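The values are calculated or read from the model by the stated rules, or taken from the named source; none is laboratory data. All of these numbers come straight from a predicted model, not from anything done at the bench. Because the Cβ atoms are built from the backbone with ideal geometry, glycine has one as well, and the counts that use them run over all protein chains shown. Surface areas here come from the heavy atoms of the whole protein model, side chains and all, with no ligands, DNA or RNA. Shrake-Rupley method; radii C 1.70, N 1.55, O 1.52, S 1.80 Å.
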Amino acid sequence: YFTAPEFNQHPVIQVTWEQAAAFCAFEGKRLPTEAEWEYAARGGEDRRYPWGDTFEPERVPANARDTVPVGSLDNASPFGVLDMSGNVNEWVADWYVRAYLPDPVENPTGPEVGARRVYRGGSFDNRDGAFYTTTRRYNQFPAFRDADIGFRCAQSAP
């Protein structure tokens, strides 16, 4: 994937949390917090999926069996953010805490340290609509990498 030109428009995969955070820092950005990620996916509303409340399989690459080019599916959130539920799961900044309550005003970031990091979204590797919801969250050790985990960078507003 990294050297094959046909994958230039696909999300980066097989990266650890540390690699994702380092790339974002190199770009002068950061991984989004879990609350920021969910707010962007929901579009500031209480949506089950970024596009609405009904699962629509054509909006995710559930049958692709691999990543697809970024933005090639009609699945934008109301903020215009693409592929929040689909293509790949995405690392976020936070350490995992079992009881998570999103709050776009307070932007809770979880504990300062922990054993596992959070990743969000759904990926091409899932066929069940329950895996694509805006509230779906996973946790894994920061050194973990997988074919359906990637990341996106965020930047604080000036």
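Structure notes:
- Within the chain, helix-based [θ] at 222 nm, where runs of 4 or more DSSP H residues each add -39,500 (n - 2.57), nearest 500: -3500 deg cm²/dmol
- Residue ranges 115-123, 87-95, 11-19 sort as 87-95, 115-123, 11-19 when ordered by packing (mean number of other C-beta atoms within 10 Å per residue, highest first).
- A 1.4 Å probe run over the chain, with the rest of the protein chains in place, finds 53 Å² accessible per residue.
- Contact order normalised by residue count of the chain, Cα under 8 Å, 6+ apart, percent: 33
- Rounded to the nearest 20, the Cβ-based charge dipole of the range 1-135 about its Cα centre (Lys and Arg +1, Asp and Glu -1) stands at 220 debye.
- Of the solvent-accessible surface of the chain, computed with a 1.4 Å probe and all protein chains present, 53% belongs to carbon and sulfur.
- Here's the picture: charge each Lys and Arg Cβ at +1 and each Asp and Glu Cβ at -1 in the chain, and of Ala22, Phe55, Phe151 the one pushed furthest to the positive end of that dipole is Ala22.
- Estimated FRET transfer efficiency when R0 is 30 angstrom, pair Val81-Tyr1 (beta carbons, to 0.05): 0.85
- Highest-first arrangement of 134-142, 77-85, 25-33, where packing means the average Cβ count within 10 Å: 77-85, 134-142, 25-33
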